[in-house]
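Notes follow the structure.
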């Protein structure tokens with residue numbers, strides 16, 4: 001029997017999935033805060049993959065609250081790996097443009113993952129789907145050293161509100177592979193309740 005989503009995350013390998021504004025980031029932020037309050041910050045690494053979405057763009061596309069970032073508590077000693085990334089689907093006028101942006105994002109994220117420290121055995125990844133738009137679940141599992149982490153907390157988009165196309169098909173296929181991996185060696189938490197477009201609740 002799986003531990004309920006509201007319980008602590010330490011020692012678990014969790015993939016949180018859901019549509020826009022279902023509270024994925026909010027749940028993971030709570031877990032991150034709890035671990036930092038326990039003084040475990042020096043063991044934690046965070047790879048922040050959420051893109052920067054302007055409020056104007058979010059309102060135009062009807063997805064206010066999407067793209068929430070995880071925030072590291074001050075003085076926690078968490079290794080905070082993040083960079084400026086763009087939302088390929090939302091900011092592109094063509095499929096080819098979206099694919100090019102997805103590849104550029106993935107190259108930046110490759111660099112962030114390369115800076116992970118092996119002694120950080122607790123790994124958080126926010127909005128993993130941005131990486132999976134141009135990479136594979138298998139490459140993520142290997143590059144981020146999942147087998148070396150005692151705790152994994154990852155979230156990603158799984159829904160229909162952001163449209164289709166080649167990028168979405170690739171992302172969906174790789175998310176399915178990641179879900180399969182966590183179903184076998186961890187757990188998948190599916191969120192379905194839609195929040196009221198609260199920023200940071202994506």
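The values are calculated or read from the model by the stated rules, or taken from the named source; none is laboratory data. These numbers were taken from a predicted model, which means no experiment stands behind them. We place every Cβ from the backbone using ideal geometry, glycine too, and count neighbours over all the protein chains shown.
Just one residue in the set 90, 85, 70 is outside any loop (DSSP other than H, G, I, E, B) and surrounded by 15 or more Cβ atoms within 10 Å (Cβ to Cβ); that residue is 90. For segment 108-119, the set of residues classified as without any contact (Cβ under 8 Å) to a residue 60 or more places away in the chain and touching a strand residue (DSSP E or B) at 6+ places or on another chain (Cβ under 7 Å) consists of 115 only. Quick check: anything in segment 166-175 over 30 Å from residue 42 (Cβ atoms) and in a strand (DSSP E or B)? No - not one qualifying residue is present in segment 166-175.
Against the condition in contact (Cβ under 8 Å) with a residue 24 or more places away in the chain, surrounded by 18 or more Cβ atoms within 10 Å (Cβ to Cβ), in contact with a helix residue (DSSP H, G or I) (Cβ under 8 Å, 6 or more places away or on another chain) and within 18 Å of residue 27 (Cβ to Cβ), how does residue 122 come out, does it pass? When the stated conditions are applied, residue 122 passes them. Scanning segment 57-92 for residues that are on the phi < 0 side of the Ramachandran plot, at pLDDT 95 or above and over 19 Å from the mean Cα position of the chain (by Cα) gives 74, 76.
Might you check whether a residue that is part of a loop (DSSP other than H, G, I, E, B) and modelled with pLDDT under 95 occurs anywhere in segment 96-116? Give the derivation first.
Kept after step one, since they are part of a loop (DSSP other than H, G, I, E, B), are these residues of segment 96-116: 114-116.
From what is left, the residues that are modelled with pLDDT under 95 are none.
Scanning segment 96-116, I find no residue that is part of a loop (DSSP other than H, G, I, E, B) and modelled with pLDDT under 95, so the answer is no.
The residue pairs whose first member lies in segment 180-195 and is in a loop (DSSP other than H, G, I, E, B), whose second member is at pLDDT 95 or above and buried (at least 16 other Cβ atoms within 10 Å of the Cβ), and whose beta carbons are closer than 8 Å, counting only pairs six or more residues apart or on different chains, are 185/13; 186/12; 186/13; 186/14; 186/15; 186/152. Considering segment 126-145, the residues that are out of contact with any helix residue (DSSP H, G or I) (no Cβ under 8 Å at 6 or more places or on another chain) and outside any loop (DSSP other than H, G, I, E, B) include one that is nearest to residue 9 (Cα to Cα), namely 142.
Could you list all residues from segment 7-28 that are part of a helix (DSSP H, G or I) and crowded, with 22+ Cβ neighbours inside 10 Å?
Residues of segment 7-28 that are part of a helix (DSSP H, G or I), as a first pass: 24-28.
Scanning segment 7-28 gives 24, 25, 28.
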